[in-house]
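To keep things clear, I will list the structure first and then write my remarks on it.
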Amino acid sequence: MFKPLIKVATIASIVLMVSSTTAFAADCKDKVYKLKLAHSWPTNFPIFADAIHNMAATANKMSSGCIQIKIDSKNKHKAPLGIFDMVKAGQYDMGHSGSYYWKGKVPNTLFFTSMPFGMTAVEQYAWFYHGGGMELMDKVYAPHNLVSFPGGNTGNQMGGWFQKEIKSIKDLKGLKMRIPGFAGEIMAKVGAKPTNIPPGELYTALEKGTIDALEWVGPSLDLRMGFHKIAPYYYTGWHEPGSELQFLFNRKKWQSLPENIQEILRVSMRNAAYNMYVLSYHESAVNWASMKKDYPKIEVKSFPTEVLQALKDANDELIAERAKADPLAKEIIESQAAYLKKSRAWTKISDQSYYETMEKLK
């Protein structure tokens, strides 16, 4: 007997959405907002570039063509790790990249991609939108004439491809590894030699011995890159439990836009971020099944407890040092830690308990 009410509610929702979109379009019908976006990835790079084009297409459609976004990949602008500076200076209005790439310029940016031993994607999204994460991110980016928004999540990333098996912490000493963000600092603390290399150069660097190991994403993208051909050991993750990319906006440009245009862009970016997360999860599931069938020689490993404990100890020491040295870092660290404690308690009793229950059943 509730079906008529459901239909009425559904129709009302659709009418509201259509009327809202029409109102947005009506306000900008006499002006076209042309924006330039630069991203860190190769042209048509799977999943990552999909999120960007999805966002631009959604914004264009919602605004009835009043928002037009020109997209330049790293093949065009030739500076995959220069997005921060180009958007800050106004060379581009927008960017898409990873926040932790800017830790050398602004150390506190690294907290907004993914932290080792930290929150999963869903926990982190909850922190961003309901736990104060967006406000803290704005504190970090505002002094640099930038506004940052979540730009799509890869989910839990794998621990990387290694040419030799990691049996003890000694095996990390002197290991040359592509690993960005805070995880790179942790690896350095335990004796490895971390570096950051753009995605288009990873295979060649591993093949030529410039690096001994690398982490990229997971099955969703790794198999396409061919790493399994030259590094047979594939380790499970610890360092990026919920890797969030970002949309960057030149702050002056953002503030110059009418509120309705800003809102269309917010909705478009949030929709694109969610779609990227879902697509990444799907592709990982599909490619994991393919990997197990087509590449049985890949040895999937987990790091020994001794290694993980050493990495965790190094993480805790480095986090404490940052909190002591920088009040804003301390505020972010404490916010993330408090939210992780709260959300993880629910994750354990909900998702983890469900998984464990299912494992017991035939």
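The rows are residues; the columns are (1) part of a loop (DSSP other than H, G, I, E, B); (2) not aromatic (Phe, Trp, Tyr).
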{"site": "GLU240", "(1), (2)": "yes, yes"}
{"site": "LEU248", "(1), (2)": "no, yes"}
{"site": "LYS253", "(1), (2)": "no, yes"}
{"site": "ASN260", "(1), (2)": "no, yes"}
{"site": "GLU263", "(1), (2)": "no, yes"}
{"site": "VAL267", "(1), (2)": "no, yes"}
{"site": "TYR274", "(1), (2)": "no, no"}
{"site": "PRO296", "(1), (2)": "yes, yes"}
{"site": "GLN309", "(1), (2)": "no, yes"}
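Among the residues of segment 87-124, write down those that are within 17 Å of ASN196 (Cβ to Cβ), surrounded by 24 or more Cβ atoms within 10 Å (Cβ to Cβ) and among the β-branched types (Val, Ile, Thr).
Listed by number, the residues that qualify are THR109, THR113.
Condition check ((1) of a type outside the set (Asp, Glu); (2) crowded, with 20+ Cβ neighbours inside 10 Å; (3) out of contact with any His (no Cβ under 8 Å at 6 or more places or on another chain)) across all residues:
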residue: LEU202; (1), (2), (3): yes, yes, yes
residue: ILE211; (1), (2), (3): yes, yes, yes
residue: GLU215; (1), (2), (3): no, yes, no
residue: PHE227; (1), (2), (3): yes, yes, yes
residue: TYR234; (1), (2), (3): yes, yes, no
residue: GLY237; (1), (2), (3): yes, yes, yes
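Show the residue pairs that are 6+ apart or on different chains and have beta-carbon atoms under 8 Å apart, the first residue being within segment 242-258 and farther than 30 Å from PRO116 by Cβ and in contact (Cβ under 8 Å) with a residue 40 or more places away in the chain, the second being assigned to a loop (DSSP other than H, G, I, E, B) and of a type in the set (Ser, Thr, Tyr).
ASN250/TYR92
Limited to segment 135-158, what total is found for residues that are under 15 Å from the mean Cα position of the chain (by Cα) and either in a helix (DSSP H, G or I) or not hydroxyl-bearing (Ser, Thr, Tyr) (or both)?
Start the filter on segment 135-158 by keeping residues that are under 15 Å from the mean Cα position of the chain (by Cα), which leaves 137, 148-158.
When the remaining residues are screened for being either in a helix (DSSP H, G or I) or not hydroxyl-bearing (Ser, Thr, Tyr) (or both), the result is 137, 149-153, 155-158.
Adding up the residues that qualify gives 10.
Taking GLU321 and the conditions (1) more than 22 Å from ALA142 (Cβ to Cβ); (2) buried (at least 20 other Cβ atoms within 10 Å of the Cβ), which numbered condition does it fall short on, given that it satisfies the others?
(2)
For ILE333, only one of the following conditions fails: (1) part of a helix (DSSP H, G or I); (2) closer than 30 Å to ALA49 by Cβ; (3) β-branched (Val, Ile, Thr). What is its number?
All conditions are met except number (2).
Please work out if TYR281 is aromatic (Phe, Trp, Tyr), within 17 Å of the chain's Cα centre (by Cα) and modelled with pLDDT of 95 or more.
On the way: aromatic (Phe, Trp, Tyr): yes; within 17 Å of the chain's Cα centre (by Cα): yes; modelled with pLDDT of 95 or more: yes.
Yes; evaluated as a whole, the condition is true for this residue.
Give the residues of segment 68-91 that are among the aliphatic types (A, V, I, L, M) and in a strand (DSSP E or B), sorted by residue number. First the steps, then the outcome.
Within segment 68-91, the first condition is being among the aliphatic types (A, V, I, L, M), and the residues that meet it are 69, 71, 79, 81, 83, 86-87, 89.
Scanning segment 68-91 gives ILE69, ILE71.
Which of the numbered conditions does TRP346 fail, given that it passes all the others? Conditions: (1) part of a helix (DSSP H, G or I); (2) within 23 Å of LYS88 (Cβ to Cβ); (3) of a type in the set (Phe, Trp, Tyr).
Every listed condition holds for TRP346 apart from (2).
The values are calculated or read from the model by the stated rules, or taken from the named source; none is laboratory data. Since the model is a prediction, treat every value here as computed from it, not as a measurement. Methodologically, a virtual Cβ is constructed for each residue, glycine included, from the backbone with ideal geometry; neighbour enumeration extends over all protein chains shown.
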